[in-house]
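*Asks:* A single structure is presented below for examination.
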Amino acid sequence: MNNYFIIGKVNEGKSYLFNLFSKTHKTISNPRANTTIDVIRKNILSDNFEYNIYDTPGFYKYNEFKELLNKILFLGLDNIQFIYLVSSFTNEDKKICKKLHSKKFDILLFSFKKIDQKDYISNLFEKTFTNYSDNLSTLKNYLSNDNKKQIQNTNNINKKTISIFGKENTGKSTLFNKLMNIPLSKVSPHLHTTRDSVNWDIQYKNQILEFIDTAGFIRSRSKRKNHDFEKLSLEQSEYFIKKSSLIVLLLDANSESRLDLSLIGSLSRRNKPFLVLVNKIDLIENKTLYQQKFLKYLSSNHNYYSSLNIYFISALKSSKSKILQIINSQLNNNFNFKTSYLNKIIKSINGELGKIQKNSKEFKIYYITAFTVNQKNYFKISCNFQKKSLKPHIKNFISKILIRELNLKGVNFNLIF
């Protein structure tokens, strides 16, 4: 498949051109310089053609272009071509295009307005789109005709999309880059480093996984400096969350806040699987005590403590394989039950329990929630008995009913009262 990178100097309209191709995943197009800071990909697909198009950061000078070119080459893609966007062709543009031509890259020269052919060296370019009444339509037609669809890749049919979501500076871009093995997303301690959602594919266990690094949700209104960027960034995040097969909510082990609970609650109400990764656990001295306190804090403050899948990781130090294993297990998770669904079976459970409790105080369940912590499954059962008063045969009977009702044969789980 061909990969077309839109490149050019700062404020030439690269994001605007990208968005004219990408109707859904739109990057932030803004007259402010250096709005785009990452390489953004969009797959352009129809019944007849398919190709990838990329938005890229702008550059001022030749040396900045070389840094961008090195980053693009580091991606390890085949069939790279460049759409060089200009409003007027300068000596700096000529120098850059000569460099690309010397490396045997095909270059398509494009401008939104008419440019006289004598202003540039036409031999540098595979095709020019600078002298038509409608350069954009001509470019689109050219790309459509030049990228006839090949035999359908069955892996892409079953592609899973995973969005990494969370508040600012939790390590989303660090995690994303770890999984991709390439520095796609810019990493910085400053707020709102990631503006556009960055996406990339990897293959894992004969399956294509598309990961999305979304912009951080800035919790403090006083820290929100770029309101236009932040609004558009969150709109992008929302778009990818809606289309995701799985949402990964990344929290910071060093920061407990009510926003953590709010974000978990918001995701719990969606009809979509998600897991919680608590990042930066390597910075916690007593990890066991911390995890116990975290779960107690969450369960005592959170009304949606159900179907949660919680793992404690370090985006810097945990292995890529370990994190992918966690994500893959959640994609194929058969221990994922809504509290509303579990509560529907409580009446029948209580009825069956009544039959085995003759001559003893009645045992009654109020509600059941399900969650997973570090790949261990739990049912949390609220009842009218203290844990120390429960007899073993009651626990065994409840386990058997849950296995039967929820088709959990062969699945290991623990009961918490």
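*Asks:* What pairs in LYS296/LYS344; LYS23/LYS243; LYS99/LYS149 have C-alpha atoms more than 20 Å from each other? Before the final figure, lay out each step's value.
*Replies:* On the way: LYS296/LYS344 26 Å; LYS23/LYS243 15 Å; LYS99/LYS149 31 Å.
Flagged as over cut-off: LYS296/LYS344; LYS99/LYS149.
*Asks:* Checking the cross-link filter: which aspartates and glutamates have an alpha carbon closer than 13 Å to that of LYS148, excluding same-chain neighbours under 8 positions apart?
*Replies:* Within the straight-line cut-off, LYS148 pairs with ASP47, GLU50.
*Asks:* How far, in nm, would the chain grow between GLN386 and TYR16 when pulled straight, counting 0.36 nm per residue and subtracting the alpha carbon separation?
*Replies:* My answer for the length gained is 126.9 nm.
*Asks:* Using a 7 Å offset from the Cα along the Cα-to-Cβ direction at both LYS364 and SER46, what is the distance between the two label points in nm, to one decimal?
*Replies:* 6.5
*Asks:* Also, quick follow-up: Averaged per residue, what accessible area in Å² does the stretch 32-146 show with a 1.4 Å probe, protein chains only?
*Replies:* 51
*Asks:* Quick check: at a probe of 1.4 Å, how many percent of the accessible area of the stretch 87-186 sits on carbon and sulfur atoms?
*Replies:* Answer for the stretch 87-186 is 43 percent, counting heavy atoms of protein chains only.
*Asks:* Also: Where Rh is the Kirkwood radius over the Cα pairs of the stretch 87-184, the temperature 4 °C and the viscosity 1.567 mPa s, what D in µm²/s does Stokes-Einstein return?
*Replies:* The calculation lands on 74 µm²/s.
*Asks:* In Å², what does the accessible area per residue of the stretch 333-414 work out to with a 1.4 Å probe? Walk me through the numbers before you get to the answer.
*Replies:* Numbers: 5140 Å² over 82 residues.
Per residue, the stretch 333-414 has 63 Å² of solvent-accessible surface.
*Asks:* Among the aspartates and glutamates, which have Cα under 19 Å from the Cα of LYS205 when same-chain residues fewer than 8 positions away are ignored?
*Replies:* In chain and number order, there are no partners.
*Asks:* Filter LYS172/LYS409; LYS42/LYS66; LYS94/LYS140; LYS9/LYS71; LYS172/LYS287 down to the pairs with a C-alpha to C-alpha distance above 26 Å, please. Walk me through the intermediate numbers first.
*Replies:* On the way: LYS172/LYS409 36 Å; LYS42/LYS66 23 Å; LYS94/LYS140 24 Å; LYS9/LYS71 16 Å; LYS172/LYS287 21 Å.
Over 26 Å Cα-Cα: LYS172/LYS409.
*Asks:* Using the Kirkwood radius over Cα pairs, work out the Stokes-Einstein diffusion coefficient for the stretch 58-134 at 20 °C and 1.002 mPa s, in µm²/s as a whole number.
*Replies:* For the chosen part, D equals 164 µm²/s.
*Asks:* Amide H to amide H, which residues 5 or more places from TYR367 or on other chains are under 5 Å from it, using H placed in the peptide plane?
*Replies:* Amide H neighbours of TYR367: SER382.
*Asks:* Within 10 Å, count the other beta carbons around each residue, average over each peptide in 241-248, 86-93, and list them highest first.
*Replies:* By packing density, highest mean first, the sequence is 241-248, 86-93.
*Asks:* Taking 8 Å as the Cα distance limit and 6 or more residues as the minimum spacing, I'd like the relative contact order of the stretch 4-150 as a percentage.
*Replies:* Taking the mean separation of contacting Cα pairs over the length of the stretch 4-150, I get 23 percent.
*Asks:* Okay, next question. Taking 41 Å as R0, compute the FRET efficiency from the Cβ-Cβ separation of LYS113 and SER321 and round it to 0.05.
*Replies:* 0.20
The values are calculated or read from the model by the stated rules, or taken from the named source; none is laboratory data. The structure presented is a predicted model; accordingly, all values stated were derived computationally and were not measured. Ideal geometry is used to build each Cβ from the backbone, glycine not excepted, and the neighbour counts take in all protein chains shown. Accessible surface areas use protein heavy atoms only, side chains included; no ligands, DNA or RNA. Shrake-Rupley method; radii C 1.70, N 1.55, O 1.52, S 1.80 Å.
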